[in-house]
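Asker: Quick one: the structure is below, questions incoming.
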Amino acid sequence: MKKLVAVFILFSIIFSGTETFAISGKEAAKLDLTTPCGYSPEELSKGLRGELSSLAEEFVAAEEKYKVNALFLCAVAALESGWGRYCFRPNNIFGWSGKDFESKEECIDFVASKIAEHYLSKDGKYYHGKTISGVNVCYNGTDFWKNKVAGIMGMISRKISAERG
């Protein structure tokens with residue numbers, strides 16, 4: 001049933017055309033994070049705030065390269081860095097392991113690769129499923145984090161939907 005819901009959400013996003021469609025935080029929480037978000041960089045940019053809006057192309061490229069949902073990556077970065085404004089280490093919009101990055105683009109690529117390898121791959125050392133809850137088991141571990149990420153995913157999706165008209 002979970003896979004059916006994820007497939008329905010994915011197809012609804014991809015084939016929604018100009019119709020207004022957004023996923024809720026509850027739907028985002030159940031989403032298979034290895035499915036594409038279905039947004040172009042231009043659409044995704046309209047759903048983002050702050051410094052993240054200029055990085056939409058990099059989020060979509062990371063999704064294509066590593067098969068990690070760009071909407072999820074955006075939501076984690078938004079939560080961890082105040083929409084790209086606050087990095088506790090240079091260009092580290094994910095707050096990833098105290099690491100410095102040459103650019104925010106490098107950070108997106110690196111973190112997407114690590115999430116794909118360790119959290120979303122069945123043989124990954126932190127694999128507990130392909131949903132936000134599965135990633136959260138070893139990524140952060142708090143209900144606050146997983147609920148906030150799902151809520152931000154829903155918020156970004158609603159904003160894009162509103163832009164579509």
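The values are calculated or read from the model by the stated rules, or taken from the named source; none is laboratory data. Since the structure is predicted, the reported quantities are computational estimates derived from the model, not experimental observations. We place every Cβ from the backbone using ideal geometry, glycine too, and count neighbours over all the protein chains shown.
Listed here are the residues, each with its yes/no results for (1) more than 15 Å from the chain's Cα centre (by Cα); (2) buried (at least 22 other Cβ atoms within 10 Å of the Cβ); (3) free of Cβ contacts under 8 Å to residues at least 24 places away in the same chain.
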{"site": "57", "(1), (2), (3)": "no, no, yes"}
{"site": "64", "(1), (2), (3)": "no, no, no"}
{"site": "67", "(1), (2), (3)": "no, no, no"}
{"site": "76", "(1), (2), (3)": "no, yes, no"}
{"site": "85", "(1), (2), (3)": "yes, no, no"}
{"site": "91", "(1), (2), (3)": "yes, no, yes"}
{"site": "100", "(1), (2), (3)": "yes, no, yes"}
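Asker: When the residues of the range 135-154 are filtered to those that are of a type outside the set (D, E, K, R), free of Cβ contacts under 8 Å to residues at least 40 places away in the same chain and in a helix (DSSP H, G or I), which remaining residue is farthest from residue 28 (Cα to Cα)?
Answerer: Applying the filter and picking the extreme gives 138.
Asker: Then there is this: Scan the range 127-154 for residues that are surrounded by fewer than 18 Cβ atoms within 10 Å (Cβ to Cβ) and among the aliphatic types (A, V, I, L, M) and jot them down.
Answerer: If the condition is that a residue be surrounded by fewer than 18 Cβ atoms within 10 Å (Cβ to Cβ) and among the aliphatic types (A, V, I, L, M), then 137 is the only one that fits.
Asker: Residues being outside any loop (DSSP other than H, G, I, E, B), of a type outside the set (Val, Ile, Thr) and modelled with pLDDT under 95: count how many of those fall in the range 9-68.
Answerer: Of the residues in the range 9-68, 11 are outside any loop (DSSP other than H, G, I, E, B), of a type outside the set (Val, Ile, Thr) and modelled with pLDDT under 95.
Asker: Looking at 81, 53 in this structure, which one is among the polar types (S, T, N, Q) and within 17 Å of residue 161 (Cβ to Cβ)?
Answerer: Being among the polar types (S, T, N, Q) and within 17 Å of residue 161 (Cβ to Cβ) holds for just one of 81, 53, which is 53.
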